[in-house]
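Structure, as structure tokens:
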Amino acid sequence: MYKPLRLTTTVLSGGRIEIVDLDLPEGETVDVVVTPSVPTPRRSALDILAEAPGQCLFNTAEEVDAYIQAERESWER
């Protein structure tokens with residue numbers, strides 16, 4: 001069993017990365033896990049929804065409640 005290899009490299013043009021380690025046996029299958037060094041900024045659910053097609057239908061909880069109430073009233077007609 002080999003000990004895990006940990007290294008830092010730079011992403012090359014075209015999104016390529018290159019790993020060189022002479023201790024890696026030629027022809028062996030290896031698993032590669034890539035974790036970006038710079039964390040991606042977290043976005044709020046509202047920001048994600050704002051980018052979705054159709055945007056948000058409601059801006060406030062009150063608008064949601066009014067819509068639901070109107071729908072319920074339409075069922076009883």
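Structural remarks
- Some residue of region 47-57 being among the aliphatic types (A, V, I, L, M) and surrounded by 10 or more Cβ atoms within 10 Å (Cβ to Cβ): yes
- Filter result for VAL64 (assigned to a loop (DSSP other than H, G, I, E, B) and either over 30 Å from GLU18 (Cα atoms) or of a type outside the set (Gly, Ala, Ser) (or both)): no
- Flag for THR9 being β-branched (Val, Ile, Thr), part of a loop (DSSP other than H, G, I, E, B) and open to solvent by less than 100 Å² (accessible area, probe 1.4 Å): yes
- Among residues of region 12-26, those that are open to solvent by less than 100 Å² (accessible area, probe 1.4 Å) and in a loop (DSSP other than H, G, I, E, B), counted: 5
- From THR40, THR35, residue being closer than 30 Å to THR60 by Cα, out of contact with any Lys or Arg (no Cβ under 8 Å at 6 or more places or on another chain) and of a type in the set (Val, Ile, Thr): THR40
The values are calculated or read from the model by the stated rules, or taken from the named source; none is laboratory data. Owing to the predicted nature of the structure, the values given are computational and were not obtained by experimental measurement. Here Cβ is always computed from backbone atoms with ideal geometry, including for glycine, and neighbour counts include all displayed protein chains. These accessible areas exclude ligands, DNA and RNA; they are computed on the full protein's heavy atoms, side chains included. Shrake-Rupley method; radii C 1.70, N 1.55, O 1.52, S 1.80 Å.
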